[in-house]
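Remarks on the structure that follows.
The values are calculated or read from the model by the stated rules, or taken from the named source; none is laboratory data. Just so we're clear, the structure is a prediction, and the values are computed from it rather than from any experiment. In this analysis, Cβ positions are derived from the backbone assuming ideal geometry, glycine residues included, and neighbour counts consider all displayed protein chains. Quick note on the areas: whole protein, heavy atoms, side chains included, nothing else; ligands and nucleic acids left out. Shrake-Rupley method; radii C 1.70, N 1.55, O 1.52, S 1.80 Å.
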Amino acid sequence: GLRLNAKNIAKHLNVKLNDWVSHVDDEKVQKVIKDNAIVTGGALVSLLNGEPPNDYDIYFKTQESCLLVASYYQELWNDRNPDKPQVSIRVDEKSGRITAFIQSAGVASESGENGIDDNTEPENEPDVSETEQEQIEEKPKYRPRYFSTNAISLSDKIQLVIRFYGSVEEIHTNYDFIHCTCSYDFKENKVSLPPRALEAIINKELFYTGSKYPLCSIIRSRKFVSRGWSINAGQYLKMALQLNEMDLKDFNVFQDQLAGVDSAYFSQAISQIAKRQDEDSSFKV
């Protein structure tokens, strides 16, 4: 693959995001995306390594823009999928957090897949009749396919992270590993490649910078190790020390810490625990 420089990466991301925006049929939402979208995380690592990204993680600069875009896709989902769990976007007055609340389930998914990481369209459709084939082809690009508490996955590799919003700096205070801190600003059409991130990417080393979700980072580290990245014991110690500050026996903390781990298994576990707690106030995790 062609290893890309900042200018070419900006060009690639600009084409991708413009293609996405062209499939949004609300001009106000289009403008909000153009002004507020930030790409950060794994897509930039892949592009620097000359690999096609698994998906593009999109964040928004303001609460207002994040809410508007999330609501647009929530309405689209509820209209198009009356037979699937319905989604409502909620804002927590105290914390300002935006979440997707999925009726009677931890997640809502187009084809019943179980995790946000597994966000690939099936490569080869099984043999289907022509009428079925037409139905497959009719599926619009960039349609919402999967909702978890924190994120909305669209087809065609776009993932909207609604859990955090703000400037790149603010978003990165929630990030865990230094190599994920490269970013692209859609409005400015500029890529930012911090030297420490590049160093980690070149050496395939996980360096933990501290995060609000250490449990998520510990679990996430498996993903990178399985791809040949290295991590030293000191990084695990830092994660463990941060996790030690958390009281996981407190259900709200437990739920918040696990919510960063986008696995439907955890979402389902959490909704089961919440149900038990409603039924039996003395129930402890």
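Please verify whether residue 242 is surrounded by 19 or more Cβ atoms within 10 Å (Cβ to Cβ), at pLDDT 85 or above and under 20 Å from residue 150 (Cβ atoms), treating the condition exactly as stated. Walk me through it before giving the result.
Values: surrounded by 19 or more Cβ atoms within 10 Å (Cβ to Cβ): yes; at pLDDT 85 or above: yes; under 20 Å from residue 150 (Cβ atoms): yes.
So residue 242 fits the description; yes.
Pick out the one residue from 95, 88, 46 that is within 25 Å of residue 256 (Cα to Cα), open to solvent by less than 50 Å² (accessible area, probe 1.4 Å) and of a type in the set (Gly, Ala, Ser).
88
Name the residue, out of 252, 174, that is farther than 19 Å from residue 47 by Cβ and open to solvent by 80 Å² or more (accessible area, probe 1.4 Å).
Going through 252, 174 in turn, just one is farther than 19 Å from residue 47 by Cβ and open to solvent by 80 Å² or more (accessible area, probe 1.4 Å): 252.
For the stretch 16-38, how many residues meet the condition of being of a type in the set (A, V, I, L, M) and open to solvent by 100 Å² or more (accessible area, probe 1.4 Å)? Even if it seems obvious, please write down each step before you answer.
In the first step, residues of the stretch 16-38 are kept if they are of a type in the set (A, V, I, L, M); the result is 17, 21, 24, 29, 32-33, 37-38.
With open to solvent by 100 Å² or more (accessible area, probe 1.4 Å) added as a condition, the list becomes none.
Residues in the stretch 16-38 being of a type in the set (A, V, I, L, M) and open to solvent by 100 Å² or more (accessible area, probe 1.4 Å): 0 in total.
Does residue 76 satisfy the criteria of being in contact with a strand residue (DSSP E or B) (Cβ under 9 Å, 6 or more places away or on another chain), hydrophobic (A, V, I, L, M, F, W, C), open to solvent by less than 40 Å² (accessible area, probe 1.4 Å) and farther than 28 Å from residue 212 by Cα?
yes
Are there strands (runs of 3 or more DSSP E) fully within the stretch 135-205 with at least 3 residues that are within 19 Å of residue 19 (Cβ to Cβ)? List them.
On the way: elements: 144-147, 151-154, 158-165, 183-185, 190-192.
Counting at least 3 such residues, we get 151-154, 158-165.
Here's the yes/no breakdown for (1) touching a Pro at 6+ places or on another chain (Cβ under 7 Å); (2) aliphatic (A, V, I, L, M); (3) more than 30 Å from residue 200 (Cα to Cα); (4) free of Cβ contacts under 8 Å to residues at least 12 places away in the same chain:
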site	(1), (2), (3), (4)
10	no, yes, no, no
27	no, no, yes, yes
36	no, no, no, no
40	no, no, no, no
54	no, no, no, no
68	no, yes, yes, no
82	no, no, yes, yes
87	no, yes, yes, no
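When both residues are 6+ apart or on different chains and their Cβ atoms are under 7 Å apart, which pairs have a first residue that lies in the stretch 272-285 and is in contact (Cβ under 8 Å) with a residue 12 or more places away in the chain, and a second that is surrounded by 13 or more Cβ atoms within 10 Å (Cβ to Cβ) and assigned to a helix (DSSP H, G or I)?
Note: pairs meeting the criteria are 273/251; 277/251; 285/251; 285/254; 285/273.
Residues checked against (1) under 19 Å from the mean Cα position of the chain (by Cα); (2) not small (Gly, Ala, Ser):
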{"position": "5", "(1), (2)": "no, yes"}
{"position": "15", "(1), (2)": "no, yes"}
{"position": "22", "(1), (2)": "no, no"}
{"position": "28", "(1), (2)": "no, yes"}
{"position": "31", "(1), (2)": "no, yes"}
{"position": "38", "(1), (2)": "yes, yes"}
{"position": "45", "(1), (2)": "yes, yes"}
